[in-house]
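The values are calculated or read from the model by the stated rules, or taken from the named source; none is laboratory data. If you're wondering where the values come from, they're calculated on a predicted model, not measured in any experiment. Here the Cβ positions follow ideal geometry from the backbone for every residue, glycine too, while neighbour counts run over all protein chains shown. Ligands, DNA and RNA are stripped out before the accessible areas are found, and what is left, the full protein with its side chains, is counted by its heavy atoms. Shrake-Rupley method; radii C 1.70, N 1.55, O 1.52, S 1.80 Å.
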Amino acid sequence: MTTVEVPHGSRSVVLRVAQVIAETTDASSLVFEVPEQAREKFAYQPGQFLTLRIPSDRTGSVARCYSLASSPFTDDLPKVTVKRTSDGYGSNWLCDNIKPGDQLEVLPPSGVFTPKDLDEDLLLCAAGSGITPVMSILKSALARGSGKIVLFYANRDAESVIFASELRELAEKNPQRLVVVHWLETLQGLPTVTALSELLRPYTEYAAFMCGPRPFMDGVHDALTQLGVPRNRTHAEIFNSLAGDPFAETAPAEISEEEAADAATVEVELDGETHNLSWPRKQTLVDIMLDKGLDVPYSCQEGECGSCACTVLEGKVEMENAEILDPEDIENGYILGCQARPVTDHLRIQF
């Protein structure tokens, strides 16, 4: 039995595992009970993820992000789905050890892989466990949206298809709105850019969301680019193993009078409200927003999860680590708040 007495930081909550569902031979879903006092904190958007604190004999713990496969509109409890990877400590530990009744320390939902408008026509592309956030979006759009939905889902073989029966039922219940296209590597080989272009060609007007291994997403991205789909109409979810400890409390940085005098100013739009802040050059955007008590979206603070992605509307920043952003993203003004430090004296940024 895994029990956690108290959370390690003020942001995290200890959740009880209500159910463990074997989805395939190497993938399981964990359904969480959320205490009444944490319900508001754990309200989530379709496509977001949870960060779990997983015990480790070597380091004490590791933090791993897992997408929510549940929908806030159709499921009573939040559910993440975990697929084993050959060298994945976190996924193997969860699949081997977690049982109903166990407890895990969890950070609130985070991430920006979510449609702004569920009424849009959606092209959803997933491979393997990349179906997890895509499933959340798909179920939410069917429940609350009105547009058409096309799911292209690639897997190694038929036994690897996560949510196979649920997808079949959803397609049968929504024949006018949902089309599910399966691609099996054992039968068709790996999907090439040419094959993807032909498959996706009828849906170039749809908003595209993709999640899966990097080569798969590169292929989908290249295919959509060849078809003329604008970059701002494609959205990709990327996860890396987190190196830092997002569960630890962050202490406000000490700023000298000289640093304070040389600080930039920034106008930040967050949740429809505008905040004017002083931005010392050695602090990140997430740092200064946390210091002011703002509910800034973030998880890892290592530039590895994309939770704090935002847009520079005016001014310029420098970033230490922005590998999860495509060059096109950066060119379009996207930045990572946990890595951004000011270059210009005044900036405008929108979350």
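The condition (being at pLDDT below 95 and touching a strand residue (DSSP E or B) at 6+ places or on another chain (Cβ under 6 Å)) is satisfied by just one residue among SER86, SER28, SER61: SER61. Annotation note: Cβ proximity below 7 Å between a residue of the range 192-216 that is under 15 Å from SER129 (Cβ atoms) and part of a strand (DSSP E or B) and a residue that is acidic (Asp, Glu) and open to solvent by less than 50 Å² (accessible area, probe 1.4 Å) (sequence gap 6+ or interchain) occurs for CYS211/GLU237.
Can you pull out every residue in the range 63-79 that is hydrophobic (A, V, I, L, M, F, W, C), open to solvent by 30 Å² or more (accessible area, probe 1.4 Å) and touching a helix residue (DSSP H, G or I) at 6+ places or on another chain (Cβ under 7 Å)? So that I can check it myself, show each step before the final result.
Start the filter on the range 63-79 by keeping residues that are hydrophobic (A, V, I, L, M, F, W, C), which leaves 63, 65, 68-69, 73, 77.
Narrowing the set further to residues that are open to solvent by 30 Å² or more (accessible area, probe 1.4 Å) leaves 73, 77.
If the condition is that a residue be hydrophobic (A, V, I, L, M, F, W, C), open to solvent by 30 Å² or more (accessible area, probe 1.4 Å) and touching a helix residue (DSSP H, G or I) at 6+ places or on another chain (Cβ under 7 Å), then PHE73 is the only one that fits.
The lone criterion from (1) closer than 30 Å to GLY219 by Cβ; (2) out of contact with any Cys (no Cβ under 6 Å at 6 or more places or on another chain) left unmet by CYS338 is number (2). Taking residues in the range 316-332 that are under 14 Å from ASN232 (Cβ atoms), and partners anywhere that are among the aromatic types (Phe, Trp, Tyr), the pairs with Cβ atoms closer than 6 Å and at least 6 places apart or on different chains are LEU325/TYR334.
Give the number of residues within the range 112-126 that are touching a Pro at 6+ places or on another chain (Cβ under 9 Å) and open to solvent by 10 Å² or more (accessible area, probe 1.4 Å). Don't jump to the end; show me each part of the working.
Just the residues of the range 112-126 that are touching a Pro at 6+ places or on another chain (Cβ under 9 Å), to begin with: 112-115, 118, 122, 126.
Checking the rest, the ones that are also open to solvent by 10 Å² or more (accessible area, probe 1.4 Å) come to 112, 114-115, 118.
Qualifying residue count, the range 112-126: 4.
Taking the stated definitions as given, is VAL180 under 18 Å from THR74 (Cβ atoms) and touching a strand residue (DSSP E or B) at 6+ places or on another chain (Cβ under 9 Å)? Here the answer is yes, as VAL180 does meet what is asked.
Taking the listed residues LEU138, LEU170, the one that is buried (at least 23 other Cβ atoms within 10 Å of the Cβ) and not β-branched (Val, Ile, Thr) is LEU138, with no other qualifying.
Within the range 173-181, none of the residues are part of a strand (DSSP E or B), open to solvent by less than 30 Å² (accessible area, probe 1.4 Å) and farther than 29 Å from PHE42 by Cβ. Would you be able to tell me the number of residues in the range 272-314 that are loosely packed, with under 15 Cβ neighbours inside 10 Å, at pLDDT 90 or above and either in a helix (DSSP H, G or I) or under 21 Å from the mean Cα position of the chain (by Cα) (or both)? The number of residues fulfilling the criteria is 1.
Restricting attention to the range 29-60, and to residues there that are within 14 Å of ASP75 (Cβ to Cβ) and of a type in the set (Ser, Thr, Tyr), which single residue is least open to solvent (accessible area, probe 1.4 Å)? Looking at residues that are within 14 Å of ASP75 (Cβ to Cβ) and of a type in the set (Ser, Thr, Tyr), I get SER29. Of the residues PRO100, PRO175, the single one that is closer than 28 Å to PHE247 by Cα and not charged (D, E, K, R) is PRO100. Number of residues in the range 10-20 that are open to solvent by 50 Å² or more (accessible area, probe 1.4 Å) and in a strand (DSSP E or B) equals 3. On the given criteria, is ALA223 of a type outside the set (Val, Ile, Thr), more than 26 Å from the chain's Cα centre (by Cα), over 30 Å from ALA63 (Cα atoms) and surrounded by 14 or more Cβ atoms within 10 Å (Cβ to Cβ)? It is false that ALA223 is of a type outside the set (Val, Ile, Thr), more than 26 Å from the chain's Cα centre (by Cα), over 30 Å from ALA63 (Cα atoms) and surrounded by 14 or more Cβ atoms within 10 Å (Cβ to Cβ).
Tallying residues that are surrounded by fewer than 18 Cβ atoms within 10 Å (Cβ to Cβ), more than 18 Å from ALA264 (Cα to Cα) and out of contact with any helix residue (DSSP H, G or I) (no Cβ under 6 Å at 6 or more places or on another chain) within the range 327-350 yields 5.
Checked against (1) touching a Ser or Thr at 6+ places or on another chain (Cβ under 7 Å); (2) at pLDDT below 85; (3) surrounded by 14 or more Cβ atoms within 10 Å (Cβ to Cβ), GLU267 meets all criteria but (2).
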